[in-house]
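Below you'll find the structure, written out as structure tokens, and then a few comments.
Rule-based calculations on the coordinates, nothing more; no lab input. Fair warning: this is a prediction, and the values are worked out from it, not measured in the lab. Virtual Cβ from ideal backbone geometry, glycine too; neighbours counted across all protein chains shown.
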Amino acid sequence: MSAGTDPRRVDAAVRRLPALLRVAAAGPLAAFAGLLVWIAWGDPDQRFALLLGLLGLAGGALLVLAAHRLVAGRVHPADAARAVLDSPSGVVPSRALPAAVPPERGGRLWSGATTTVLACWALGFLFLAWGDPRPPAQVEEIRRAGGIVAEVPVIGQLSSEHDRAVVRGNRVPSSDTWTQTLQVELTDEAGEAHTAVIRTRSSFHRSLGDTVRVIYAPSAIHLGAWVGEDSRPLTKSWSSNFEGYQEDLPRILDGRTLSAYELWIWAGLTVVPLAFVVTPWFRVGRHGPVTRPGPGTRALRGTVRSGHVRSEDGRGVAFLPNGLAPGNLSPALEGRTGWLLWNAEKPREHLRSPGKKRGKKLPAVVTGRETGAVLVLDNGWAVHGDAWFPAPEDPAGVGVPGPEAPAVDKRRRVRLWAPRGLWPLTLSNGALVLYAVVLVCGGLLFTDVLSGWLRFATALVGAGSLGLAYVSHYPEQDDRFAAKE
């Protein structure tokens, strides 16, 4: 145990861990639902109420975690892991190698989904600042009066300004714009015509008889007509105008926050965090995980010493658990006996560039090889991770072939444990504060209290706080591969 750690307090905290994980799941779920509401919900008042409810759900989960921290204190990952591995696994202890080990699909899927949602939220802060919490005041009045989007004829011109486009000193007539004050004809519910004045920017000179799309209420003609400041089509304004173009007027009338153009940008940026989730899944599918001692696997029985599974003849293989830095889990595994099973086929090579010699780049040097593995302890617990072999050691040259391992027991069952699930106990106090800052920033951006650069500054604070909080789940976030070199 760490200095000053009460074993009974740690055991009690570990028993509460499943409930804490369920409560903590409210955060990512509320975040995902909030993104959908922000994107798709039209009525601003209803949307604000829903977002406040989801914000309260996430805030309630955070309060539960904070209250548990005040009552139980913080638990070091090594102490929490030791408490888990010391507890009964629910299966019969055995020295045999099981014929099958449960895959870590559920844990990896939930971890990947959580990472994706939080990464999307971090990017989403930019679009929370960019979006429109409420439509323009005139549009709100028109919407309440039963507003519609309609093509109306131009019946007069009061003023016109021609902006001649010049790119790098050359005239580009196709990019010219006209800013005009126009008179348009609106038709009320009775079919009578009325005149309204609008001012907008167009990609061509609008003349008598042309039409323009506007928002107006046939039952309240006195409210006038509303048109975006830039009425150029998206194909003409994509580099400078992200909302308010002619095709965007139905969205503005509905009260939705983001234009189709902004949603496409958001979707494009979301591909980045998704790639970080999909790539590990592809890697695991190609090189592991190891779930049975089948062809291409190797097995080594031994005792865990300083992060290595060492056999009686002194051979050792480094084991790196999934989801937790080796320095956080190694103390809990120290002295335990069991089997290490790994995939010896097509290990991932880690390369290092030796630099240049006489101006020529030297070939990369292999520093080691990594492959999917599972540690099966005699007490019935199993932990997925990776096995590490420093160069020039060959993963296929250590241990015995999996199918030939002695004492393979087809009846033996093991219980899988994922160390990444310890985070509600190990979350730093600073991370709790940062998550609270995230909720406050999100709540401010749900409203129109802030505008201009203050909205974007708040978004940056929220995104930065979310990133810092997520990487502060464990007190020792050391390099996963630091123990390899």
**OP:** Largest first and in whole Å, give the semi-axes of the range 387-461's equivalent ellipsoid, each being the square root of 5 times a Cα gyration tensor eigenvalue.
**Re:** 53, 19, 12
**OP:** Multiply the residue separation of Asp188 and Ala165 by 0.36 nm, subtract the distance between their alpha-carbon atoms, and state the gained length in nm to one decimal.
**Re:** 4.4 nm
Original post:
With Cβ to Cβ distances under 12 Å as the rule, what net charge do the other residues near Gly131 carry (K, R +1; D, E -1)?
Top reply: +1
**OP:** Provide Thr257, Thr447, Thr116 in ascending order of the number of other Cβ atoms located within 10 Å of each residue's Cβ, fewest first.
**Re:** Thr447, Thr116, Thr257
Original post:
Of the chain, which part is the longest with no chymotrypsin sites (Phe, Trp or Tyr not before Pro) in a loop (DSSP not H, G, I, E, B) and with at most 16 other C-beta atoms within 10 angstrom?
Top reply: 239-480
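Rounded to the nearest 500 deg cm²/dmol, what is the calculated helix-only ellipticity per residue at 222 nm for the chain, with -39500 (n - 2.57) per DSSP H run of length n ≥ 4?
Helix-only estimate at 222 nm: -13000 deg cm²/dmol.
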**OP:** Using the Karplus curve 6.51 cos²θ - 1.76 cosθ + 1.60 with θ = phi - 60°, work out ³J(HN,Hα) for each residue of the range 183-199 in order, rounded to whole Hz, and write x for Gly and Pro.
**Re:** 9, 10, 9, 10, 10, 7, 5, 8, x, 7, 8, 9, 9, 9, 10, 10, 9
**OP:** Could you quote the convex hull projected area for the range 161-224, Cα atoms only and averaged over all directions, in nm²?
**Re:** 5.0 nm²
**OP:** Would you mind checking which residues have amide H under 5 Å from Ser89's amide H? H placed 1.01 Å from N; only 5 or more apart, or other chain.
**Re:** none
**OP:** Any chance you could check the Cα centroid distance between the range 130-172 and the range 179-255 for me, in angstrom?
**Re:** 5 Å
**OP:** State the Kirkwood hydrodynamic radius of the chain in Å, one decimal place, computed from all pairs of distinct Cα atoms.
**Re:** 27.1 Å
Original post:
Which whole-percent values make up P(r) of the range 137-254 when all C-alpha to C-alpha distances are grouped in 5 Å steps starting at zero?
Top reply: 2, 12, 21, 22, 18, 12, 6, 3, 2, 1, 0
**OP:** Could you tell me which of rounded, prolate or oblate describes the range 125-188, using a ≥ b ≥ c as the square roots of the eigenvalues of the alpha-carbon gyration tensor, with rounded for a/c under 1.5 and, failing that, prolate when a/b is larger than b/c and oblate otherwise?
**Re:** oblate
Original post:
Going through the DSSP H helices of the chain, which span 18 Å or more along their own axis at the Cα atoms while scoring at least 1.6 as a mean Kyte-Doolittle hydropathy?
Top reply: 26-40, 429-445
Original post:
So how strong a dipole does the chain carry about its Cα centre when Lys and Arg Cβ are +1 and Asp and Glu Cβ are -1, to the nearest 20 debye?
Top reply: 2640 debye
Subject >> Relative contact order (%) - the chain, alpha-carbon pairs under 8 angstrom, separation at least six >> reply: 20 percent
Original post:
Among Cys120, Cys441, which comes first, then next, by fewest other beta-carbon atoms within 10 Å?
Top reply: Cys120, Cys441
